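Read-outs: derived from the displayed coordinates by stated rules, not from any lab. Keep in mind that what you see is a predicted model, and the values were worked out from it rather than measured.
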Amino acid sequence: MKKKTLEPDVQVRNAAGETKRVPLSHFTRGSDEHRALIEGGWQITSVPARRGPRLTTLLFDLADVRRVVEHARKAPQQRQFYGEQLGPQVLLVKDEGIYLMSNGVPRDMLDGAPDELGAQSFVAYAHGYDPNVVTDGLELHMKCREAVGGDDFSEPLGLEGFETALADPTVTSIGLRVSDETIDIVVYERPPRTRRH
């Protein structure tokens, strides 16, 4: 007897409040099924639970991380984190995308805009999780959910590990290895030059 693997279902709802279950594969970007769901106004309401431990490595642009860390270190004040004053921190955030940002006040604003309500802060997006690049909101949501879970969050990270990595001239990029239990900084270095005889 041949064993059959069942594909997980996703529950979706439209503007009229109707719900239905569709295979997860229908959310493959560019597929006819995906296009039909989007055009029909269907949105995800639940996805299958993840099986097994999560382990994701998020990669960030070195220059963007440097800007976030320098702002956090140099800002005259820091935003409180759930009522606690933590000092200079880099925040790992998952909401519309996954990114790093400074907790410094005043905020590091995009294009030098004033720090006003609704203005955007500078953030260092993880490669592959930037809404300016992955413009399909459903696809971005699913990618972020698979990488770090479904709930939005903000996690403070101390500056020391970032500053050590940024001070090393052989480091070419910085990443975060995120599991259900830990967040670790990982660095990627330029390979050493070999001499030819």
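Close amide-amide hydrogen proximity is noted between Arg54 and Asp180, each under 5 Å apart and 5 or more residues distant or on a separate chain (H modeled in the peptide plane; Pro and chain starts excluded). Extents of the stretch 55-189, largest first, come to 38, 37, 29 Å (Cα atoms, principal axes, whole angstrom). Could you give me the ³J(HN,Hα) list for the stretch 162-176, computed from phi with Karplus coefficients 6.51, -1.76, 1.60 and θ = phi - 60°, whole Hz, x at Gly and Pro? Per residue, the Karplus-derived 3J(HN,Hα) values read 5, 5, 4, 5, 5, 7, 8, x, 8, 6, 9, 7, 10, x, 10 Hz.
Using the Karplus relation 6.51 cos²θ - 1.76 cosθ + 1.60 with θ = phi - 60°, the per-residue 3J(HN,Hα) values for the stretch 145-152 come to 4, 5, 6, 9, x, x, 7, 5 Hz, with x marking Gly and Pro.
In order along the stretch 126-141, the Karplus-derived 3J(HN,Hα) couplings, from 6.51 cos²θ - 1.76 cosθ + 1.60 at θ = phi - 60°, round to 5, 4, x, 10, 9, x, 6, 9, 8, 7, 7, x, 5, 4, 4, 4 Hz, and Gly and Pro are given as x. Under 5 Å from the amide H of Val105 lie the amide H atoms of Gln77, Gln78, Arg79, each residue being 5 or more positions distant or on a separate chain, with H modelled from the backbone and absent for Pro and chain starts.
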